[in-house]
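Working notes, beginning with the structure itself.
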Amino acid sequence: MTATELANGHAVPVTLTPLHLPQENTPNGAEQPRTAPNKRERRRSDGTAFIVVALFAVAQVAVVAFSGSWQHQYELSIHLGQAHWVAGMQPLSVEGLIVSASLVIWYAARYGYQKRDAWAAYLVLAAGVGQTVLMNLGADYRWPWLGPEISVWPAVAFVAAYEMAVWLVRKRQDVASRVTPVVTPRRDSDHDKKDGKPQRKAAPRKPAAAMTNKELADREGVSVRTLQRRRNTKTGSKP
């Protein structure tokens, strides 16, 4: 409410109406109907592009790390008396164990398992990372006690990788049992309900011989006289 002063000193109330501004990107301020997001908008919302870029970066780092780690472990194994072909496969047991444990952890997160359900995978991952760090350091320091450790490592890595595979098989069976639908046969009874109301059985139909002319005419939808005329026509008698 505002007041405008007149020449005689009296004030006249003036009502101000709210000002409606047109919305952006809409003609004449008219609201446009909301439409479903297209494929590009859905792709932006679910973050698929970020996941793809992250996986590509992980793969790139994995290639660089494996190349450097393989060279260091190969040189250390040759220095500690391993054969060339054994020294060439030694890094595969270390890096392969890391990959298997990482896949188990990813599988557990994908299907909603708790970290305590995949505790063995975290333990194996820590052992694999510790082994690759130890052997990369040993390539420079050349500790002699690493010789026996390298000799027993392939057997330990095989047992750990086997346990990771068994864990995946067991959990896959659990997931399959959870998603399998259980179909129970339907049993019809007198108390079946539809729309919250009990169903009523239809009354048995009365035979025509036990019905009166009025009842027969009502059932046929005609008058009593028409019904009698039909009977006389069938029997050949006159009314």
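Structure summary
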{"item": "Single match in V169, V152, V156, V222 (criterion: at pLDDT 70 or above, surrounded by 12 or more Cβ atoms within 10 Å (Cβ to Cβ), of a type outside the set (G, A, S) and part of a helix (DSSP H, G or I))", "result": "V156"}
{"item": "Where G96 falls short, out of the listed (1) within 17 Å of G130 (Cα to Cα); (2) outside any helix (DSSP H, G or I)", "result": "(2)"}
{"item": "Qualifying residues in region 56-92 (those that are of a type in the set (A, V, I, L, M) and under 12 Å from N136 (Cβ atoms)) - the one surrounded by the fewest Cβ atoms within 10 Å (Cβ to Cβ)", "result": "A65"}
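The values are calculated or read from the model by the stated rules, or taken from the named source; none is laboratory data. Small disclaimer: the values here were computed from a predicted structure and weren't measured. As a convention, Cβ positions derive from the backbone with ideal geometry for all residues, glycine included, and neighbour counts pool all protein chains shown.
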